[in-house]
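Here is the structure we will look at.
The values are calculated or read from the model by the stated rules, or taken from the named source; none is laboratory data. Predicted model only: the values in this text are computed from it and were never measured. Note that we place each Cβ from the backbone using ideal geometry, even for glycine, and neighbour counts take in every protein chain shown. Side chains are part of the model used for accessible areas, which takes the heavy atoms of the whole protein and leaves out ligands, DNA and RNA. Shrake-Rupley method; radii C 1.70, N 1.55, O 1.52, S 1.80 Å.
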Amino acid sequence: MMNIREELEKRNGDHEAFVFQDVEVKPERIRAVLINEVVPSNPADDFYGGDGAAYLSTAIPLFQKAGAQADSAGELLEQGIYLTNAVKMPKTAPAIERSSIEKSLPYLEWELSLFPHVKVIMLMGDVAKKAFNMISKKAIGKHVIPPVSTYKIRKSEFWYQGIRIMPSYIMTGQNILIEKSKAEMAAEDISVMLSIIKE
């Protein structure tokens, strides 16, 4: 077992106020990573914050709609699905600055490297898409995901180092409750991911 927060804190030499997932994981069992936008201002609302976590209140119904038998983040972990955020500091303005993404990027990269058997990485929203493109640009000199609207490309297949990369929609926040079509599409995308990791 590995505690993700402890692993990432080892690299936080300046002891900046990053928020990492405080969760015990068996890294070799993880087959899918879903990258959300940004950590919530209250850590108790994050994916592994506990039963009443706000992030789970919108994410779990998407998984259920996609056919996953899960009522908690722990049950998703048991099925090889890990949830995290691209930006590791709560946002201070409505929009997330590029600089915030860049600051958190080394930690996101390190976090992804902890899971040797990942088959799918889902990019839940534009911030995750931007962050992952920054990672791929640095590693292979180009963006994996084209800079066009998600709905135009979500059914296309993108690959990075043998991993299927799936652009989708944000799975947290109140907007998803209003934008029913995006919730439907996110659930569809999650069901594709579920079928890939079961292969």
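Taking the stated definitions as given, is Phe115 out of contact with any Ser or Thr (no Cβ under 7 Å at 6 or more places or on another chain), aromatic (Phe, Trp, Tyr) and assigned to a helix (DSSP H, G or I)? It would help to see each step written out before you state the result.
On the way: out of contact with any Ser or Thr (no Cβ under 7 Å at 6 or more places or on another chain): yes; aromatic (Phe, Trp, Tyr): yes; assigned to a helix (DSSP H, G or I): no.
So Phe115 fails the test.
Return the residues of the stretch 39-59 that are in a helix (DSSP H, G or I), touching a residue at least 40 places away in the same chain (Cβ under 8 Å) and hydrophobic (A, V, I, L, M, F, W, C); say none if nothing qualifies. Steps first, answer last, please.
Filtering the stretch 39-59 for residues in a helix (DSSP H, G or I) gives 43-45, 54-59.
If we keep only those that are touching a residue at least 40 places away in the same chain (Cβ under 8 Å) as well, we get 54-55, 58-59.
Scanning the stretch 39-59 gives Ala54, Ala59.
Among the residues of the stretch 69-90, which ones are in contact with a helix residue (DSSP H, G or I) (Cβ under 8 Å, 6 or more places away or on another chain), under 20 Å from Ala128 (Cα atoms) and open to solvent by 40 Å² or more (accessible area, probe 1.4 Å)?
Scanning the stretch 69-90 gives a single hit, Met89.
Kindly list the number of the only condition in (1) closer than 22 Å to Met1 by Cα; (2) open to solvent by 50 Å² or more (accessible area, probe 1.4 Å); (3) acidic (Asp, Glu) that fails for Asp126.
Answer for Asp126: the failing condition is (1).
Ala66 passes all but one of (1) under 30 Å from Glu199 (Cβ atoms); (2) of a type in the set (A, V, I, L, M); (3) open to solvent by 40 Å² or more (accessible area, probe 1.4 Å); which number fails?
(3)
Yes or no, residue by residue, for (1) in contact with a Pro (Cβ under 9 Å, 6 or more places away or on another chain); (2) more than 19 Å from Gln21 (Cα to Cα); (3) open to solvent by 50 Å² or more (accessible area, probe 1.4 Å):
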{"position": "Glu109", "(1), (2), (3)": "no, no, yes"}
{"position": "Lys137", "(1), (2), (3)": "no, yes, yes"}
{"position": "Ile145", "(1), (2), (3)": "yes, yes, no"}
{"position": "Glu157", "(1), (2), (3)": "no, yes, yes"}
{"position": "Lys180", "(1), (2), (3)": "no, yes, yes"}
{"position": "Ala183", "(1), (2), (3)": "yes, yes, no"}
{"position": "Asp189", "(1), (2), (3)": "yes, yes, no"}
{"position": "Met193", "(1), (2), (3)": "no, yes, no"}
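Which members of the stretch 12-38 meet the condition of being assigned to a loop (DSSP other than H, G, I, E, B) and either on the phi > 0 side of the Ramachandran plot or crowded, with 16+ Cβ neighbours inside 10 Å (or both)? Steps first, answer last, please.
Pass one, the stretch 12-38, residues assigned to a loop (DSSP other than H, G, I, E, B): 12-23, 26, 30-31.
Listed by number, the residues that qualify are His15, Phe18, Val19, Phe20, Gln21, Val23, Ile30, Arg31.
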